Structures are given as structure tokens and as C-alpha cells.
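Here the structure comes first, spelled out in C-alpha cells, and everything after it is commentary.
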Amino acid sequence: MSAYFTKPVPPTSDKRWKLVDATMRRVGLQSRGLIETLHTVQEAFGYLDEQALRYVAVSLRVPLSRAYGVATFYHFFTLKPAGEHTCVICMGTACYIKGAQQLLDAVQHDLGVAPGETSAGGKVSLLTARCLGSCGLAPAVVYDQEVAGKVSVPSIRERLSQWTQHFTPRESAAPQEPAVARS
Amino acid sequence: MTPEELEQIAEIEREAQQRFSQRLNVCVAAGCLSCQSQLVKDRLDAEITSRGWGDHCQAKGVGCMGLCAEGPLVSTGSGVMYKHVASSDAGRLLDSLEGQPVARLVCPTDVPFFQRQKKIVLENSGAIDPERIEEYIAAEGYRALVQVLTEMTPAQVIDQVTKSGLRGRGGAGYPTGLKWSTVAKAVGTQKYVICNADEGDPGAFMDRSVLESDPHRVLEGMLIAAYAVGASEGFIYVRAEYPLAIKRLRIAVRQAERLGLLGTSICGTRFSFRIDLRLGAGAFVCGEETALIASVEGKRGTPRPRPPYPAMEGLLGQPTLINNVETYANVAPIIRNGGDWYAGIGTEKSKGTKVFALAGRVQNTGLVEVPMGITLREMVFEIGGGVPEGRTFKAVQTGGPSGGCLPSECLDMPVDYESLARAGSIMGSGGMIVMDESSCMVDVAKFFMDFCMTESCGKCIPCRVGTYQMHRILSAITNMTASEQDLAMLQELCDLLKHTSLCGLGQSAPNPVVSTLKSFAEEYRAHIADHKCPAGVCKPGNGAAL
């Protein structure tokens, strides 16, 4: 039966699907390449949506339920688009002992979101990490891929306020762009 | 690649190194990189070029030097170490190469933190450029592999590893030689070697440092293991959260392939081996070997009952050898120096050295490698420099969420597999978190239970429901709403999870609770009977009573 299988065409003409196809070819269109492929999708698109999951599942010949199961089992995969900025607070043991909970409480209070959520208008996504391995610098926070060590409540508040101070709802954001650029 | 060709590469590299009479090694492992050490290196490079010193002076990016809290670290060819170096210090550092060191930045290296260490796994960390295979070869790298392929039979290799007394560094401490010989004896058309680099314990970063500082050492260990057990394909399962380690591993694999040290007919022999990377996706349970195999196969990372052990039926149903990063990193020195040499280090049952990630409320946080059998007191107070800010030591936590908290009475205990297990903790992968009186032990137990509850894969009920129940009781205790009956229930659950869970995650999840109940029972009592938290961490909350 597998001899008659033809891989479906990508759902859109977006060039990023070429990256996904390349990964699937590398794993020989086998089901065991599922996690590798989902990594590529997330790297290319930022998150996994239903369209992507369906395409990958059919291409690798796994049930959609299994693709969805894998995507939701692993914490690294997200099914929702991330905000403009991400703030990852490390909740590893060393960071916890040195006050990561206070950082998290402060940010949760300021942004009004729980970990894993994005603040209104898609500005900042708040995430927690199990351990970044930067325990020597505890407590550690990752602002947009950049690791900062020995973070305090005032310093995290300052950083977040830089991100959010020019915040306006998305509809009216366009006319004010010059103001954002100056900041 | 013949032994002569290898020696030739080493010789050319050593000569190239000798051209530089002056050298500055800048740490470019993750810890220092997050303190902008790349800027320091770039600035040094620019300064060297603008001064026209390029012919005799070199700034080199190297791996972790250990004292991560004082970064960015820079060391000179003459052995001076600098801490907290900013890019604006570049010129001053270069000026000082001829004369006196820059006093303001000097980091003394004659302190116990450096003197008490014995480096085997980390021997090249902080000395070689992790992104150049030539430097690893110049530091005797791949010599053990060539020696194994040209002079030894697989049985002789296993014999040396058995003699060394090396035990699995992932935490459980299973004798490595025994594991290798089981896989070697197993029957299968295709055998696999897997490197477990899914370092999930919060508070542990040893594997990450080894991979970032000396990736070739791990590849060489895997190659020797593959030869010994008869495998032709290998996987490194590494956390996606470690992008730098992934990048350097990819570079290392490519370089080794280019030199014919990986691939088909390695060193002109019939031995072939290829290594692929597999990225984890943030699931702690994937550190368990059967769950890891499921994940490599592209499935949800859920464990399965053992036996059959992976040594018999592992990846795709074939015999599979799984070892931790640090275990593989020990292999090349064991082959080079002989198993007896390794067996001469450490204690009677725990041989060799162990890398620990020292963190928490301790003066010197960072990475240390010490011989087995050193006492906890030496670790915390001599190497670690004691508890800062005049506070008092309360406990040290080893083994992550599967380990326990050891009180001050245990400080004179030697650090080895048996002693730690007797005291109610485990060696674990090597995280060591120091706590002072500002930490509430019930809160710490709740923290770990929260971790286990979230990370439970949900396959077996004792773990899935038990961790939830235990977390609920611990939350009630920290909210001051628990009763004596709840405490009794908590103890009963500890027993239940330990004996009925499917895998190590559930079986060891009660450890933090058991160990704190044993050593800090009065703190639990204060929360329940007096509605007080001695450390002042827990507040009577709005958590509902049970």
C-alpha cells in the first residue's frame, strides 16, 4: 500500500513549507521523524496550528490524534502564536531558592496574565522554564532569547515597562509607529 | 585515519599554538555568554588586529571555567584569571600581558574552589576551543579511539571499563561495564548507542557545560562504546532548551565526519558508526530510558515496564545502550590511562570523579569536578566558600526532584552513591543546591512536588494521581490549613508512590518529602499545629481546606 502513497502538497504557497518538507525528506517521510518535523514547523512559523498538524500528520502517515498528542505532550511545542516579546522566567531550583517566585508574582500582577498566556494586544508572552541551566546566575530570565542573570523585581519591571509603555491596542498602533521607533 | 595521521594533526596544531607567545582565553559557554562575554572576545580581537599583534597574540573562545557566578571569565597564557571582565577592559588586559596583572579584575586561583578539584571530565573545559576538532586532537583527543580500533578487541575495551569501576553518571549508578557487556552479548541485527543529554533536573547544568565546552569528548566516548557493543548507529538526545550545546554538537559531528572519525570504515577498519541528533521537546520524563527511546521514535515520551531492558529490546526493538553525557565523557581517559588508574580515584564502591553544579545560597556558584568521597562540608564550605551574607547553612539538596534535602548533621558524610542513598537522597545527575534559613523546607518539598505533578506523563495512576494528591496536601500545609490526619495521609502516599509507580519519576517523587519529613519534621509541625512558618516564607493563604 505504501508504494501508492504520495505526499500531499503544502497547504499554502508559503516558502517556509519548503523547510518543513526538507526535514520530512531527511527523516524519510517516516513516522519516527514526527518530533523533528514539528520542531521545524515551530521554528519556521513560531507555533503549530491545526493546518500544520494536519499536513505533517498526513505526510508522515500518522493519525492526526497522534500528531496532536505529541504536540500537546511536550512543553516545548505551542499551539498558540507568541506575543511580540517573550519573557521566560526560569523556575529551576536554584532560581526558586533565589526568589524567582517573587519575579513571577510581580510580572503576573503587572501584566495580568498567567504563565503561558499573552498580554492583551499580543504584546508580551509570559512563560516559565524548568531550568535554563544558568543556575550560577540565578535568578535568570530570558527576554526575547537573551538571557539575563541575577534579575531583581525592579529590573524585570523596568524591562517590561520598556516593552509595554507605548502599548496601544492593535487597531490604532499603526499611526503611532514613529513614536515607537524613537523609544 | 592512522595513529600517525592523528599525531600529525596534533603536531601541526601544537606548532600553530606555539606561534602565539601570548594568549587570552575568553569563556564562551552559556553562563559567561549571558554576561556578554562575546563582546569581550570581539573587542579583544579588534584590539589585537588594530595593534598589529596578530602574529604573537591570540584571543580564543573556550569552554566553561567553572566559576559561572563571576563571569565573564578570562584567563591568560601565564595562568592569571580575570573575573567580571567588561569589553571596555580589553585594552587594559592586553597592556598587562607584558607586565603586572590588572589587580582590579584578578580572580585568585589559589583558593579551594580551584585547588580542591580534580579534573577528568572537565580537563579540556576552559582550555580548548570547543568548535575546533584540531584543538581536541592536540589535547590527546581521539587517541583512545584510534588505540581501541587498532589494538584492542571489543572484549578488552569492556574489560577496561569494568575494571575502572565507572558507574552511570545519570543518577542511578548502574555499573557501566556491566551494561556494556549486556548489550554486547545481546542478539540483534542492528544495535544502537544513545547518549542521554536530556538534562531535566532543575538546578543541574553539568551535561550542558560538557557539551558546550568539549563536545568531541562525548563523541569519542560514544564511538568507543559503539565499537565495544557492536553498534553502527547512534543518537544524541539533547534538550531543545540548550541551543548552544546543539550548535556545537552539530559542528563537532560535521568535523569528525570530515576527518573520517565518524562514518563508514573508520580508521580503515570495518567499524562504521554514524551519529544523529534528536532534540527533546521539554519533557522531564524523557530522561527515563524507555521514555527517551519512545521520544527518539517520534512518540509521546511515556515509559514502559522493564524488563525487557533497553539492553535487550530498546530503540525499534533492537539492543540499545543508553548512557549519560558524563559517563561517555569519562570513557576516553579510562582507555588512555587504563581502568586501574581510574579505579584508584574515589571510594571503594564509587570510583572516579563527579561533576557537580553548585548553586543556591552559596558564595561560589558554578561547576566543580571532585573525587568521589569528598565530604559535603568540604563541598559547601571549602569549595563553595560557605553561605553568603552571614546567614547560616540549613540544608543541601542533591539529585533534583528525585533526591532529598540533607541537613547539617549530614555534612560530614562522604559524597558517594551509597552514602547519599543511606541518608535518603540520591547522587542524581549532580545538581547541588545549598539552602539557608530563609528557605522553608515544606515550601521546597511543595516546589518539587509541583514539578513532579506537572511532569508526570500520566501513564500510570499512582504517579498521575498520587503526585496531585501529595501536592494538594503540601499546599494545604503551606497555607496553614492542614491537620494531623493530612500529614498521616501524606506519609502513606509517599509509601504508595514509591512502591507502585511505573518508572523512576513516580518512584522517587516522594523523596523530597520523605527526606524533609525525616530531618525537618518540626517545620511541618509548626505549620500544622502553630500555623507558623519558621522561615517566614509561607503565609496563611486563601487555599481551601482539604
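The values are calculated or read from the model by the stated rules, or taken from the named source; none is laboratory data. Just so it is clear, the model here is predicted, and its values are computed rather than measured. A quick note on method: Cβ atoms are made from the backbone with ideal geometry, for glycine too, and the neighbour counts reach across all protein chains shown.
Considering the stretch B:447-466, and only residues there that are in contact with a Pro (Cβ under 9 Å, 6 or more places away or on another chain) and under 21 Å from B:F520 (Cβ atoms), the residue that is surrounded by the fewest Cβ atoms within 10 Å (Cβ to Cβ) turns out to be B:F447. Residue-level check: of (1) over 18 Å from B:L279 (Cα atoms); (2) assigned to a loop (DSSP other than H, G, I, E, B), A:G28 misses just (1). Screening B:K185 with (1) without any contact (Cβ under 8 Å) to a residue 24 or more places away in the chain; (2) in contact with a strand residue (DSSP E or B) (Cβ under 9 Å, 6 or more places away or on another chain) gives one miss only, at (2). Among the residues of the stretch B:518-537, is there at least one that is under 28 Å from the mean Cα position of the chain (by Cα), under 30 Å from B:T290 (Cβ atoms) and not hydrophobic (A, V, I, L, M, F, W, C)? Scanning the stretch B:518-537 turns up no residue that is under 28 Å from the mean Cα position of the chain (by Cα), under 30 Å from B:T290 (Cβ atoms) and not hydrophobic (A, V, I, L, M, F, W, C).
Within the stretch B:392-401, can you find the residues that are over 18 Å from B:V370 (Cβ atoms) and within 12 Å of chain A (Cβ to nearest Cβ)? Residues satisfying the conditions are B:K394, B:A395, B:G400, B:P401.
Looking for whichever is in contact with a Cys (Cβ under 9 Å, 6 or more places away or on another chain) and part of a helix (DSSP H, G or I) here; the options are B:G536, B:G506. Which one fits? Full working, then the answer.
Details: B:G536 fails: part of a helix (DSSP H, G or I).
Residue meeting the stated conditions: B:G506.
Tell me, which residue of the stretch B:305-329 that is touching a residue at least 24 places away in the same chain (Cβ under 8 Å) and under 18 Å from B:S501 (Cα atoms) is nearest to the other protein chains (Cβ to nearest Cβ)? Among those that are touching a residue at least 24 places away in the same chain (Cβ under 8 Å) and under 18 Å from B:S501 (Cα atoms), it is B:P305. Residue count for the stretch A:1-54, restricted to those that are within 14 Å of chain B (Cβ to nearest Cβ), on the phi > 0 side of the Ramachandran plot and not hydrophobic (A, V, I, L, M, F, W, C): 1.
Do the conditions hold for A:K15, that is, is it out of contact with any Leu (no Cβ under 6 Å at 6 or more places or on another chain), surrounded by 13 or more Cβ atoms within 10 Å (Cβ to Cβ) and basic (K, R)?
Numbers: out of contact with any Leu (no Cβ under 6 Å at 6 or more places or on another chain): yes; surrounded by 13 or more Cβ atoms within 10 Å (Cβ to Cβ): no; basic (K, R): yes.
In short, no.
Residues in the stretch B:398-433 that are without any contact (Cβ under 8 Å) to a residue 60 or more places away in the chain and among the hydroxyl-bearing types (S, T, Y) were compared, and the one that is nearest to B:G203 (Cα to Cα) is B:T398. Residue pairs whose Cβ atoms lie under 7 Å apart, separated by 6 or more positions or on different chains, with the first residue in the stretch B:452-481 and closer than 17 Å to B:C503 by Cβ and the second surrounded by fewer than 23 Cβ atoms within 10 Å (Cβ to Cβ) and among the aromatic types (F, W, Y), are B:M453/B:Y468.
Restricting attention to the stretch A:77-89, the residues that are at pLDDT below 90 and either surrounded by 19 or more Cβ atoms within 10 Å (Cβ to Cβ) or within 10 Å of chain B (Cβ to nearest Cβ) (or both) total 1.
Considering each of A:G92, A:G116 in turn, give the residue that is more than 11 Å from chain B (Cβ to nearest Cβ), under 20 Å from the mean Cα position of the chain (by Cα) and under 26 Å from B:S295 (Cα atoms). Can you show your working first?
Details: A:G92 fails: more than 11 Å from chain B (Cβ to nearest Cβ).
Every option except A:G116 fails the conditions.
If we keep just the residues of the stretch A:57-66 that are in a helix (DSSP H, G or I) and facing chain B (nearest Cβ under 10 Å), which is surrounded by the fewest Cβ atoms within 10 Å (Cβ to Cβ)? Spell out how you get there, then give the answer.
To start, the set of residues in the stretch A:57-66 that are in a helix (DSSP H, G or I) comprises A:57-60, A:64-66.
Next cut, facing chain B (nearest Cβ under 10 Å) only: A:60, A:66.
On the way: A:L60: 23, A:R66: 16.
It comes out as A:R66.
Could you list, in sequence order, all residues of the stretch B:340-356 that are surrounded by 21 or more Cβ atoms within 10 Å (Cβ to Cβ) and assigned to a helix (DSSP H, G or I)?
Answer for the stretch B:340-356, where residues must be surrounded by 21 or more Cβ atoms within 10 Å (Cβ to Cβ) and assigned to a helix (DSSP H, G or I): just B:Y342.
Within the stretch B:32-48, not a single residue is β-branched (V, I, T), more than 27 Å from B:I383 (Cβ to Cβ) and loosely packed, with under 15 Cβ neighbours inside 10 Å. When the stretch B:59-74 is filtered for residues that are within 11 Å of chain A (Cβ to nearest Cβ) and of a type in the set (D, E, K, R), only B:E70 remains.
So, in the stretch B:72-119, of the ones that are aromatic (F, W, Y) and touching a Gly at 6+ places or on another chain (Cβ under 9 Å), which residue ends up surrounded by the most Cβ atoms within 10 Å (Cβ to Cβ)?
Initial filter on the stretch B:72-119 (aromatic (F, W, Y)): B:82, B:113-114.
Narrowing further to those that are touching a Gly at 6+ places or on another chain (Cβ under 9 Å): B:113-114.
On the way: B:F113: 22, B:F114: 18.
For the stretch B:72-119, the residue satisfying everything is B:F113.
Name the single residue that is farthest from B:G390 (Cα to Cα) among those in the stretch B:444-457 being more than 11 Å from chain A (Cβ to nearest Cβ) and of a type outside the set (S, T, N, Q). Give the steps one after another, and end with the answer.
We begin by selecting, within the stretch B:444-457, every residue more than 11 Å from chain A (Cβ to nearest Cβ); these are B:445, B:449, B:452-453, B:456.
When the remaining residues are screened for being of a type outside the set (S, T, N, Q), the result is B:445, B:449, B:452-453.
Working: B:A445: 25, B:M449: 30, B:C452: 33, B:M453: 35 Å.
Taking the candidates together, the pick is B:M453.
Which members of the stretch B:336-365 meet the condition of being among the β-branched types (V, I, T), in contact with a Ser or Thr (Cβ under 9 Å, 6 or more places away or on another chain) and more than 14 Å from chain A (Cβ to nearest Cβ)?
To start, the set of residues in the stretch B:336-365 that are among the β-branched types (V, I, T) comprises B:345, B:347, B:353, B:355, B:362, B:365.
Checking which are in contact with a Ser or Thr (Cβ under 9 Å, 6 or more places away or on another chain) leaves us with B:345, B:347, B:355.
Scanning the stretch B:336-365 gives B:I345, B:T347.
Taking the stretch B:403-443 as the range and being in a helix (DSSP H, G or I), crowded, with 24+ Cβ neighbours inside 10 Å and away from chain A (no Cβ under 12 Å) as the test, the residues that pass are B:L420, B:V442.
Here A:Q108 meets each of (1) within 12 Å of chain B (Cβ to nearest Cβ); (2) over 13 Å from the mean Cα position of the chain (by Cα) with one exception, condition (1).
Taken as a whole, the condition of being of a type outside the set (V, I, T) and touching a Pro at 6+ places or on another chain (Cβ under 8 Å) does not apply to B:L420.
Across the stretch B:279-303, which residue is nearest to the chain's Cα centre (by Cα) among those that are in a helix (DSSP H, G or I) and of a type in the set (V, I, T)?
Restricting to residues being in a helix (DSSP H, G or I) and of a type in the set (V, I, T), the top hit is B:V285.
In the stretch B:178-215, which residues are in contact with an Asp or Glu (Cβ under 8 Å, 6 or more places away or on another chain) and assigned to a helix (DSSP H, G or I)? Result: B:M206, B:D207, B:R208, B:V210.
If you take the residues of the stretch B:173-220 that are within 12 Å of chain A (Cβ to nearest Cβ) and among the small types (G, A, S), which of them is farthest from B:L261 (Cα to Cα)? Applying the filter and picking the extreme gives B:G203.
If you go through the stretch A:119-147, how many residues are more than 14 Å from chain B (Cβ to nearest Cβ), of a type outside the set (G, A, S) and assigned to a strand (DSSP E or B)? Walk me through it before giving the result.
At the first step, the residues of the stretch A:119-147 found to be more than 14 Å from chain B (Cβ to nearest Cβ) are A:119-126.
Next, only the ones that are of a type outside the set (G, A, S) stay: A:123-124, A:126.
The next check asks that each one be assigned to a strand (DSSP E or B); those that pass are A:124, A:126.
Total satisfying the criteria: 2.
Candidates are the residues of the stretch A:125-160 that are within 25 Å of B:R239 (Cα to Cα) and of a type in the set (V, I, T); the one that is farthest from the chain's Cα centre (by Cα) is A:V151.
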